[in-house]
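Written below as structure tokens is the structure these notes are about.
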Amino acid sequence: MRGALVAFLASFLLAPAALSFRGHDAGAGSSEPTPDAPVATRPAEPPTTRPAARPADWERDEPRVRELAARLTANGARFLIATQEQGGGWVSDTGPGITCLVLKALAQQPEIGPHHAAVERGVAFVLTFERSDGGIYGAEGLLKNYESSVALSMLAALKDPGRQALVDRVQKYLTTLQWDEGEDISVDNAWYGGAGYGRGERPDLSNTQMMLEALRDSGLPKDDPAYRKALVFIQRCQMLGETNDQAFARGSSQGGFIYSPAGGGESKAGEIEVGGRRELRCYGSMTYAGFKSLLYAGLSRDDARVRAALDWIRGHWSLEYNPNMPEKQSSEGLYYYYHVFSRALDAWGEPVIVETSGRPRVWRHELLARLEKAQRPDGSWVNEADRWMEGWPQLTTAYALLAIQAAYPQP
């Protein structure tokens with residue numbers, strides 16, 4: 001099955017040039033920003049050198065691909081169960097966050113599910129972090145939003161009516177962490193609608209998208225004000241001058257996303273030069289996070305912000321690296337990227353994304369091929385570029401399982 005899948009993908013998806021770059025695809029047009037830091041690119045090829053993707057090509061192979069997805073996740077789940085600590089958690093000295101991600105993946109795995117003994121032990125461990133204010137987080141409180149968000153998504157995955165009151169409490173708690181009028185933050189403040197790592201910390205798109213995802217996963221009604229407030233912050237993370245009212249985005253047409261608009265704007269990818277002026281540089285993980293957050297916040301598929309983000313995605317396609325990051329950083333946070341990539345394109349709902357060059361991408365198949373190649377014999381995944389805790393195989397394996405599950409959800 002492995003050989004057949006690789007041969008199939010190579011026919012029009014994973015030809016050598018397709019995954020040999022770390023920045024945006026060459027040939028996307030002269031209007032693309034020129035990276036400041038070194039970014040490896042592939043040579044441009046005329047669109048006519050690649051056959052068009054016929055739906056039957058990938059639909060015919062779908063049963064075998066789903067079988068592969070089931071095998072990869074089953075092997076990953078076995079690794080996670082084998083590495084559970086005596087107290088019920090995973091990497092428990094870091095708090096409940098990694099454990100919540102692992103538990104969500106296991107609860108969604110068909111042969112395991114929410115009633116497996118390992119899951120129940122893990123949930124019991126997480127609930128030792130429940131706080132009187134409604135949150136679920138470590139004693140130091142530095143990761144209140146992050147830990148409470150992944151805890152809420154995990155609780156939602158359990159589908160336990162008996163825990164609905166707890167779900168409601170955590171939902172309410174997360175909305176209190178949004179920067180808004182309750183903290184004397186007005187809508188013209190760059191912090192408005194966002195969430196960060198702690199009450200005293202400035203908001204960022206990573207934390208805000210996790211909060212929004214948790215609220216959506218747990219069934220918060222679409223008309224709740226939290227979505228509207230979050231949208232204000234999210235659009236200020238997009239490098240799109242026509243809808244972003246922040247000075248750093250004025251005149252920008254990149255369409256991708258940065259880390260935060262706070263403090264005059266921040267990108268973990270640094271800056272680029274566009275038309276003789278400096279701009280904050282968009283990159284893959286934040287762009288997919290922003291793209292799905294726009295959809296979660298209720299924007300239509302034809303909204304200018306949604307279309308601009310999709311255009312950026314079409315022009316910066318890669319699963320080998322975090323797109324448009326400087327080369328030395330391009331493998332950092334890669335499994336986080338896979339997770340937001342899969343959640344975002346699942347929310348978009350189209351099986352094929354067509355690159356700016358005209359090349360079709362069957363994103364689910366490409367994701368699976370990448371993760372099949374990277375899975376270790378014990379069923380785990382790990383990022384050798386150890387940053388943001390991705391050197392812990394428990395975390396990266398949870399991200400990989402969640403990414404595959406988003407691509408191939410169980411009925």
- Give me the lysines in straight-line cross-link reach of K292: C-alpha distance below 16 Å, same-chain residues under 8 apart excluded. K222, K229
- Query: Among rounded, prolate and oblate, which fits the range 257-411 when a ≥ b ≥ c are the square roots of the eigenvalues of its C-alpha gyration tensor, a/c under 1.5 means rounded, and a/b larger than b/c means prolate?
  - Reply: oblate
- Task: Work out the P(r) tail for the range 97-206: percent of alpha carbon pairs separated by more than 25 Å, whole number.
- Result: 25
- Message: For K144, K104, give me the order by solvent-accessible area with a 1.4 Å probe, most accessible first, ignoring ligands, DNA and RNA.
- Response: K144, K104
- Of all DSSP beta bridges having both residues in the range 192-291, the percent classed as antiparallel (nearest 5) is 100
- How many percent of the accessible area of the range 361-411 is carbon or sulfur, using a 1.4 Å probe? 54
- Per residue solvent-accessible surface (Å²) - the range 338-411, probe of 1.4 Å: 34
- Protein chains only, probe 1.4 Å: how do M210, M154 rank by accessible area, largest first? M210, M154
- Item | Computed accessible area, S253, all protein chains, 1.4 angstrom probe, square angstrom | 100
- Query: E120 accessible area, nearest 10 Å², 1.4 Å probe?
  - Reply: 100
- Item | Low-density loop cleavage sites - trypsin sites (Lys or Arg not before Pro) in the range 228-300, where at most 15 other Cβ are within 10 Å (DSSP) | R250
- Query: Counting other Cβ atoms within 10 Å of each Cβ, which GluC sites (Glu not before Pro) in the range 321-411 have at most 16 and sit in a DSSP loop?
  - Reply: E384
- Message: For a quick check of understanding: with a 1.4 angstrom probe and all protein chains in place, what accessible area in square angstrom does I112 have, to the nearest ten?
- Response: 30
- In the range 325-411, which trypsin sites (Lys or Arg not before Pro) are in a loop and have at most 16 other Cβ atoms within 10 Å, using DSSP for the loop call? R387
- Find how much the distance from M389 to E140 grows on full extension, using 0.36 nm per residue of separation minus their present alpha carbon separation; answer in nm with one decimal. 87.8 nm
- Excluding ligands, DNA and RNA, what is the solvent-accessible area per residue of the range 172-286 at a probe of 1.4 Å, expressed in Å²? 39
- Query: When the accessible area of the range 264-357 is computed with all protein chains present and a 1.4 Å probe, what percentage of it is carbon and sulfur?
  - Reply: 43
- Run down the lysines and flag those whose C-alpha is under 17 Å from the C-alpha of K373, throwing out any fewer than 8 positions away in its chain. none
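The values are calculated or read from the model by the stated rules, or taken from the named source; none is laboratory data. In this text, all values refer to a predicted model and were calculated from it rather than measured experimentally. So basically every Cβ, Gly included, is an ideal-geometry build from the backbone, and we count neighbours across all protein chains shown. What goes into the accessible areas is simple: the full protein's heavy atoms, side chains included, and nothing from ligands, DNA or RNA. Shrake-Rupley method; radii C 1.70, N 1.55, O 1.52, S 1.80 Å.
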